[in-house]
1. For residue 138, all conditions in the list (1) modelled with pLDDT of 90 or more; (2) part of a helix (DSSP H, G or I); (3) out of contact with any Asp or Glu (no Cβ under 9 Å at 6 or more places or on another chain) hold save one; what is the number of the exception?
2. Filtering the range 1-26 down to residues that are basic (Lys, Arg) and open to solvent by 60 Å² or more (accessible area, probe 1.4 Å), which residue is nearest to residue 65 (Cα to Cα)?
3. Taking into account only those residues within the range 27-63 that are exposed (fewer than 13 other Cβ atoms within 10 Å of the Cβ) and of a type in the set (S, T, N, Q), which is nearest to residue 16 (Cα to Cα)?
4. Given (1) in contact with a helix residue (DSSP H, G or I) (Cβ under 9 Å, 6 or more places away or on another chain); (2) in contact (Cβ under 8 Å) with a residue 60 or more places away in the chain, where does residue 84 come up short, assuming only one miss?
Amino acid sequence: AHRPWRKVNVTDRRTAKDFAVCMRELVDVDFPQAERIRVVMDNLSTHTPGSLYEAFPAAEAHRLLERLEFHFTPKHASWLNMVEIEIGVLKGQCLDRRIDTREGLEREIAAWERERNAGGARITWMFTTEKARAKMSRAYPKLAPLEPLAKGS
């Protein structure tokens, strides 16, 4: 959300191992100097810390998880997810035609990714917390009104 950067990986499936490999690449290749990497994602069943333990020895999974902080979009509000918006852009700009081979797909997506990153493309997020509270009041806790401070406080 704070940088105009995206990274797309093409995999045969969406397995726990695929997810774990992506997380290791995020930690070791994309952000090797970062102390903490906040990952915002949907609630796919493979998007769990346990996936890293399935894919790697415990010490390696633990090393990676020490640097990762997972945040999940609400299950009932995937339309709030910036990644879903970006996937829509990818579909419209790159995947709007038949691509015959995996190699061709990887090449086309890599070209789209490079162009989008180089251009500094951003999502203009117009949905404020106040609008979210109004639209999805059941998903947000009710805020107690603030009491005025007593004089002399």
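The values are calculated or read from the model by the stated rules, or taken from the named source; none is laboratory data. From a predicted model like this one, the values you see are computed outputs, not experimental measurements. With ideal geometry, Cβ positions are generated from the backbone for all residues, glycine too; neighbour counts draw on all protein chains shown. We work out accessible area using only protein heavy atoms, side chains counted, and drop any ligands, DNA or RNA first. Shrake-Rupley method; radii C 1.70, N 1.55, O 1.52, S 1.80 Å.
1. (1)
2. Only one residue tops the list, namely 24.
3. Filtering the range 27-63 for residues that are exposed (fewer than 13 other Cβ atoms within 10 Å of the Cβ) and of a type in the set (S, T, N, Q), the one nearest to residue 16 (Cα to Cα) comes out as 45.
4. Among (1) in contact with a helix residue (DSSP H, G or I) (Cβ under 9 Å, 6 or more places away or on another chain); (2) in contact (Cβ under 8 Å) with a residue 60 or more places away in the chain, the lone unmet condition for residue 84 is (2).
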